[in-house]
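Shown next, in structure tokens, is the structure this report addresses.
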Amino acid sequence: MSTHQYDSRLVSLTNPASFAAEQYQGLRLTIERMARTNGAQVIAVTSPAAGEGKTLTSINLAGALAREAEGRVLLIDADLRRPSVARSLGITDGDTNGLADIIADPQGQLAASARGIGSFNLSVVPAGMPGPAVHKVLRSPRLEQVLQEARRQFDVIVIDTPPLLPVFDSALLSRLVDGLLIVVAANQTPRKLLGEALNLVDPAKVMGIVFNRDDRPMFGYYDEYYREYFPETSGVASRA
């Protein structure tokens with residue numbers, strides 16, 4: 001088993017008692033409430049453009065969901081062009097078997113590619129090696145079969161997907177998921193960019209917008225009320 005060196009920004013895994021991690025617990029509660037209402041099980045996380053924090057949000061949300069002892073959570077890296085989930089989690093054992101490889105192999109099994117993460121109830125399927133024909137991979141009927149297998153084996157599936165505007169990968173993936181979370185950089189992402197991104201997906205599937213890197217966090221306004229609970233907190237990583 002390889003040793004996982006987690007990115008320090010993965011607060012749900014590295015510092016679950018922090019104020020930043022608590023915000024992902026709030027996002028988790030929102031997801032669970034919506035799941036009870038409409039049965040959402042497969043949730044894609046995307047963003048209008050690159051660099052807005054969608055992968056960190058995906059991993060932190062999956063980590064927050066996995067803290068329940070009875071919950072079985074799967075995180076899939078479906079950003080086949082610029083995968084980063086494995087790197088963020090320190091999965092560097094040289095095994096490239098992942099989502100693209102399962103889709104390419106008719107006999108491929110999800111369980112063979114899912115890696116357990118530490119002592120958490122969290123499994124991860126890396127992106128794998130898709131080759132140049134990413135659209136062909138995402139349009140393959142095998143992708144739906146793999147996600148159906150995931151639905152049978154796990155309670156919640158979080159999928160890290162590419163940003164919406166540079167490529168159409170997320171728009172293709174969105175047809176197979178139950179809900180979408182859109183991550184935007186607070187006070188940075190232009191409204192026009194967000195509007196263009198939202199036009200590419202079914203509005204009924206948008207579960208919410210997550211504001212990442214907020215430089216005016218709620219904690220700053222209510223410091224005296226939160227300080228005793230989170231004495232080392234200096235800010236919030238994201239807020240739904």
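Here are the numbers for this structure:
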| read-out | value |
| --- | --- |
| Residue check, residue 181 under 13 Å from residue 40 (Cα atoms), in contact (Cβ under 8 Å) with a residue 24 or more places away in the chain and aliphatic (A, V, I, L, M) | yes |
| Test: residue in region 155-164 that is surrounded by fewer than 21 Cβ atoms within 10 Å (Cβ to Cβ), at pLDDT 85 or above and hydroxyl-bearing (Ser, Thr, Tyr) | no |
| Any hit, region 80-96, residues being over 18 Å from the mean Cα position of the chain (by Cα) and under 21 Å from residue 169 (Cα atoms) | yes |
| Number of positions in region 1-59 that are of a type in the set (Gly, Ala, Ser) and part of a helix (DSSP H, G or I) | 6 |
| Tally of residues being touching a helix residue (DSSP H, G or I) at 6+ places or on another chain (Cβ under 7 Å), closer than 21 Å to residue 179 by Cα and touching a residue at least 60 places away in the same chain (Cβ under 8 Å) across region 10-30 | 2 |
| Residue check for residue 61: farther than 22 Å from residue 185 by Cβ, modelled with pLDDT of 85 or more and surrounded by 15 or more Cβ atoms within 10 Å (Cβ to Cβ) | no |
| Condition broken by residue 86, with the remaining ones in (1) surrounded by fewer than 23 Cβ atoms within 10 Å (Cβ to Cβ); (2) assigned to a helix (DSSP H, G or I); (3) in contact with a Leu (Cβ under 8 Å, 6 or more places away or on another chain); (4) of a type in the set (A, V, I, L, M, F, W, C) satisfied | (3) |
| Verdict on residue 43 being within 12 Å of residue 10 (Cα to Cα) and touching a residue at least 40 places away in the same chain (Cβ under 8 Å) | no |
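The values are calculated or read from the model by the stated rules, or taken from the named source; none is laboratory data. Model, not experiment: these values are computed from the prediction. For neighbour counting, all protein chains shown are included, and Cβ atoms are generated from backbone atoms with ideal geometry for every residue, glycine included.
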